[in-house]
Structures are given as structure tokens and as C-alpha cells.
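Undergrad: Before I ask anything, let me first share the structure, which is written out below as C-alpha cells.
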Amino acid sequence: MRIAIFGLGYVGVVNMACFSKLGHTVWGCDVKSQKVDSIKNGISPIHEPGVDELLQQGLASGLVNASTNAKEVLDNADIALICVGTPSAGDGKVNLDYTINTTLDLVDYLKQNDREFTIVYRSTIPPGTIQDNVLSHFENWSGKHKPKVAFLPEFLREGTAVKDFFHCSRIVIGSEGEEPKELKQLLSFDENIPLVFTDYKTAEFVKYVDNAFHAMKIAFVNEIYSLGSSFGIDVLKANDIFLMDTHLNVSKNYLRPGLPFGGSCLPKDLRAIQYFAKSNNVQMPVIGNIINSNTMLLDSMLEKIIAKGAKSVSLYGLTFKSGTDDVRESPMLRLLYALVERGIDVKVFDHDINLTSLRIEHAAVVKHVVSDADQAFSEAEVIIVCKKGFEDYSSSVNKSAYLFNFYSLKNFNLPNPQEKLYS
Ligand SMILES: NC(=O)c1ccc[n+]([C@@H]2O[C@H](COP(=O)([O-])OP(=O)(O)OC[C@H]3O[C@@H](n4cnc5c(N)ncnc54)[C@H](O)[C@@H]3O)[C@@H](O)[C@H]2O)c1
């Protein structure tokens, strides 16, 4: 099939790479020319394991193309996936401007190019968006072929996105009227993955249900960790026992204690859920407090670090989790700002960081980033581990540094299993 992908961020680029791997022709479109140029050169604009290789294979076979020109992209497609950002404001209200602007571009194009076309929304959008904000643009369609509209929530996790794409547990399709045949054909690439057809609103809602549950599991297990530690229990051992019950508990994912959650999805979507609840006058004492629980964990991490009274602190890891270059709403970024504010000399070492985007989004942070482990760890009084792989740099570490391993709480002795003197 011929697919246009609007928005070359984490979702758009992964979809480009994976659909090209399945043999489809994909044309990516972004308003940012550097992202388009990067794809054309076979370099993914986002760091995601496996994506560069798939893009390069797709470029070599002519299946992958990109342009900033929406018309050029649409001329080469019969189906469009909308993967633009849907940021939320401080109060949780979701900004749909990018989604609607892309819709208007498509409407303009399809009015002038009357042919069969399917528009598929992949961005996370509040329940009711397609019904209330999208379909009106297709009413009273004068052309012969009214575009079909579907919603296809994206459940990928950054860092394992390619694997998640090919091995997801279900594919949810929100549509109305006739089953969208083209989409069904596109998504039937593995007979073991069930396709679930439902209405728009349910499909939109399911994405928020997933993210609320993931965030709740992280907040839950971190609270359990604090509680267990206060009893002097080896909570990791207790947690392993808890996780053995795969009958009543859903899965082990998001149920390992460690860092607070961050990233571009969980905090944003949780805020949006709080906003929906307020607007619909629904009480949600459990879900409504997940963000508070997460913030409290970050505050307690900060307190522990500050209590060491160190003048120099090094952070191993700045991205919101391992395996991605994404620093959006990263708890480690907030940690860094809080430490710098207190006059502490902070160094950051993270091989996943994309310095170019950091320069644009967080210019003040760039001067703290160092490029080798010796610079980062040989003189630090306190080292904070926030991602996997720290053991690879053990020869660079100042042996009298105090180490907080918030990534892996393993290998530390009770009673305070999150920390130890590095020796
Ligand atoms: N990042 C994730 O892990 C993830 C997972 C599941 C769902 N989602 C959802 O998917 C959506 C996209 O997320 P993301 O992280 O990929 O966002 P992103 O911010 O990384 O990328 C969005 C891209 O859209 C581009 N864009 C904006 N307007 C455009 C237009 N009119 N035409 C073409 N391009 C345009 C932007 O320049 C940007 O490159 C969001 O709704 C998000 O909530 C994200």
C-alpha cells in the first residue's frame, strides 16, 4: 500500500520504519525540514533501537521517502496516518491545533483530488475528538469519494518501539459504518495479533486507560518500595514474589520499583485525564493522585541527594528512560535543574542524548553535559544512576563517591537499599 505519515516524531518515524519493513511505500511529512533531511539521509531524527536500519533498508529499496510538501506526500499515498503532537497545557487541556491543521491540509488536498482515501489518526486525542472536531470537516462532501476516517491508538513504548509494533497484544481500530477494508488489510500482518474494531470514542478512550494504568503501576510499586524499606524488608525480593502471580496481576511491566515516570505520554495523558474528570464532574481520588505520588518520589530522591551535602554531583542518564533520546518531562531533567538551583556543580553523562535537540529545547543544560565517563565520574562526590549500563564505566568512578542507584535498586545492602558508598 501507499502510506503518507504526517509528523515525524517518535510515533511517525517508528511507523514509517515498520510499515516499510512490511513492504509498503511510506512517505513521511513534517513541517521541520531537518527531520525530513535526516530521514532522506538514512538517519532517524529520533533515537530508537532498530529504526535506522529499517529506514536505510527502506531507502535502498525505494520504499521510504520524505518531504515537507504535503501535496507531494499525498500524491503518493492512498492512506494517511496522522502522528502529530497533541501536547497538553498545565491544566491538562489537550491542544488539538496540530491535529486539526493537518486535517485541514488533507481536506483541501482531497477536495482538489477526488479519489478514494483513508485518513487514520494515530495521535493520542481526547474521547470524542473525531466525532466533535474532525468529522464536521467532511460533512456535505461534494466529491464522489468521501474520505474514510479511522482512529488507531498507538501503544508503543519508547526504547522498545519496533518490537512493540510487531509484537503488540492487540490492534484497536476506531471506525464507523463499514469496516475500513484497506486498514484491515494493512494491519493484518500477523494472524496472532487480534484486530479489535470499535467506535471512535471507545478507541480514543482505551489509549488513556492504558496510560493511566501504566502510570498507576509505577506510582504503586514505588510507594510499595518506600513502605517495604521502612520495615527493613528486602523489597525487591518481596516484589519478585508478588510478580510471580501472573494469574491475578496483569504483567510485570511497569511493576519494578525505581525511577519516577516521565516522558511525553504518561504525565501529559494523566493531566488530560484529570482535566476530563473535572470537566465531566467525575471524582477520581486514585487516578487523580498518581502525579502527586510521582512528584513525591522525585522530591524524596532530591532530599536524599541534597542531604549528602556534596558540592559536585554527576548524573548518569538524563533521558526519561533507557534506550531513548527523549528528555520530555524527564524526572532527571527536573533533578538537574533543582540541583543546579542549589549551587551544586552538576555533570551529566548520557550516550543517548541528542545534543542538537537539547540545544534547542534546553539550552541551559548543554553546558553540564560531558562526553566521557572519566570527566563525569572521576571527581564526583555523589553519582546518581538513572539508566542501565552504569557498570560499563566502573573504572572511571571516584572510589569515595556516594552512589544512588535509582535505576536498578539491586545490589545494595539494607537498611537503605537505594544507596551505597562506591568502594
Ligand atoms: N512518544 C510516544 O512514546 C507515544 C506513544 C504513543 C502515542 N503517542 C502519541 O502520538 C502523538 C505523537 O507523539 P510523538 O512523541 O511522536 O510527537 P513528537 O512531538 O515527537 O512529533 C510530532 C511531530 O509532528 C510534527 N508536525 C506538527 N504539525 C505538523 C503538520 N501540520 N504536518 C506535518 N508534521 C507536523 C512536528 O514537527 C513533530 O516533528 C502524540 O499524540 C502522543 O501522545 C506518543
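The values are calculated or read from the model by the stated rules, or taken from the named source; none is laboratory data. Since we're looking at a predicted model, the values are computed, not measured. In this analysis, Cβ positions are derived from the backbone assuming ideal geometry, glycine residues included, and neighbour counts consider all displayed protein chains.
Undergrad: Here are some conditions: (1) touching a residue at least 24 places away in the same chain (Cβ under 8 Å); (2) in a loop (DSSP other than H, G, I, E, B). F205 meets all but one. Which one does it not meet?
TA: Of the numbered conditions (1) touching a residue at least 24 places away in the same chain (Cβ under 8 Å); (2) in a loop (DSSP other than H, G, I, E, B), the odd one out for F205 is (2).
Undergrad: Mind listing whichever residues of the stretch 258-282 are assigned to a loop (DSSP other than H, G, I, E, B) and modelled with pLDDT of 90 or more?
TA: G258, L259, P260, F261, G262, G263, S264, C265, N280, N281
Undergrad: I would also like to ask the following. Quick check on my filter: what residues within the stretch 244-290 are under 11 Å from I218 (Cβ atoms) and either away from the ligand (no atom under 16 Å from the Cβ) or surrounded by fewer than 21 Cβ atoms within 10 Å (Cβ to Cβ) (or both)?
TA: Passing the criteria: N253, Y254, L255, R256, P257, G258, L259, P260, I290.
Undergrad: Would you say I193 is under 19 Å from G7 (Cα atoms) and either touching a strand residue (DSSP E or B) at 6+ places or on another chain (Cβ under 6 Å) or not in a helix (DSSP H, G or I) (or both)? Let's see the steps before the verdict.
TA: Details: under 19 Å from G7 (Cα atoms): no; either touching a strand residue (DSSP E or B) at 6+ places or on another chain (Cβ under 6 Å) or not in a helix (DSSP H, G or I) (or both): yes.
It is false that I193 is under 19 Å from G7 (Cα atoms) and either touching a strand residue (DSSP E or B) at 6+ places or on another chain (Cβ under 6 Å) or not in a helix (DSSP H, G or I) (or both).
Each row is one residue, and each column tells you yes or no for (1) closer than 22 Å to G323 by Cα; (2) buried (at least 23 other Cβ atoms within 10 Å of the Cβ); (3) of a type in the set (S, T, Y).
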residue: A4; (1), (2), (3): no, yes, no
residue: V11; (1), (2), (3): yes, yes, no
residue: T25; (1), (2), (3): no, no, yes
residue: D30; (1), (2), (3): no, yes, no
residue: S33; (1), (2), (3): no, no, yes
residue: S67; (1), (2), (3): no, no, yes
residue: D78; (1), (2), (3): no, no, no
residue: L81; (1), (2), (3): no, yes, no
residue: P87; (1), (2), (3): no, no, no
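Undergrad: Follow-up question, since we're still on this one. Of all residues in the stretch 29-45, how many are acidic (D, E) and more than 11 Å from the ligand (Cβ to nearest atom)? Spell out the reasoning first.
TA: Let us first name the residues in the stretch 29-45 that are acidic (D, E), namely 30, 37.
Then drop every residue that is not more than 11 Å from the ligand (Cβ to nearest atom), which leaves 37.
So the answer is 1.
Undergrad: Right, something else. Does the stretch 100-126 hold any residues that are polar (S, T, N, Q), farther than 20 Å from R328 by Cα and crowded, with 22+ Cβ neighbours inside 10 Å, and which are they? Please lay out each step first, then the result.
TA: First, pick out the residues of the stretch 100-126 that are polar (S, T, N, Q): 101-103, 112-113, 118, 123-124.
Still in the running and farther than 20 Å from R328 by Cα: 101-103, 112-113, 118.
Those that are polar (S, T, N, Q), farther than 20 Å from R328 by Cα and crowded, with 22+ Cβ neighbours inside 10 Å: T102, T103.
Undergrad: Can you name every residue in the stretch 234-281 that is aliphatic (A, V, I, L, M) and either in contact (Cβ under 8 Å) with a residue 60 or more places away in the chain or under 23 Å from L318 (Cα atoms) (or both)? Walk me through how you get there before you give the answer.
TA: Residues of the stretch 234-281 that are aliphatic (A, V, I, L, M), as a first pass: 235-236, 238, 241, 243-244, 248, 250, 255, 259, 266, 270, 272-273, 277.
Listed by number, the residues that qualify are V235, L236, L255, L259, L266, L270, A272, I273.
Undergrad: Does D210 satisfy being farther than 24 Å from V73 by Cα, of a type in the set (D, E) and surrounded by 13 or more Cβ atoms within 10 Å (Cβ to Cβ)?
TA: On the way: farther than 24 Å from V73 by Cα: yes; of a type in the set (D, E): yes; surrounded by 13 or more Cβ atoms within 10 Å (Cβ to Cβ): yes.
For D210, the condition - farther than 24 Å from V73 by Cα, of a type in the set (D, E) and surrounded by 13 or more Cβ atoms within 10 Å (Cβ to Cβ) - is met.
Undergrad: To continue, here is another question. If we scan the stretch 52-66, do we find a residue that is within 12 Å of the ligand (Cβ to nearest atom) and either β-branched (V, I, T) or within 22 Å of the chain's Cα centre (by Cα) (or both)?
TA: Restricting attention to the stretch 52-66, the residues satisfying the condition of being within 12 Å of the ligand (Cβ to nearest atom) are 66.
Filter again for either β-branched (V, I, T) or within 22 Å of the chain's Cα centre (by Cα) (or both), leaving none.
The answer is no; no qualifying residue exists.
Undergrad: In this structure, does V26 turn out to be more than 9 Å from the ligand (Cβ to nearest atom) and either part of a strand (DSSP E or B) or at pLDDT below 95 (or both)? Outline the logic, then answer.
TA: On the way: more than 9 Å from the ligand (Cβ to nearest atom): yes; either part of a strand (DSSP E or B) or at pLDDT below 95 (or both): yes.
Here the answer is yes, as V26 does meet what is asked.
Undergrad: Given the conditions (1) surrounded by 14 or more Cβ atoms within 10 Å (Cβ to Cβ); (2) of a type in the set (D, E, K, R); (3) touching a residue at least 12 places away in the same chain (Cβ under 8 Å), which single one is not true for K184?
TA: (3)
Undergrad: Which residue is surrounded by the fewest Cβ atoms within 10 Å (Cβ to Cβ), if the candidates are limited to the stretch 343-364 and must be touching a Ser or Thr at 6+ places or on another chain (Cβ under 8 Å) and closer than 20 Å to V382 by Cα? Before the answer, list the steps.
TA: First, the residues of the stretch 343-364 that are touching a Ser or Thr at 6+ places or on another chain (Cβ under 8 Å): 344-350, 352-353.
Among the residues that remain, those that are also closer than 20 Å to V382 by Cα are: 344-350.
Details: I344: 18, D345: 15, V346: 21, K347: 20, V348: 24, F349: 26, D350: 21.
By that ranking, first place goes to D345.
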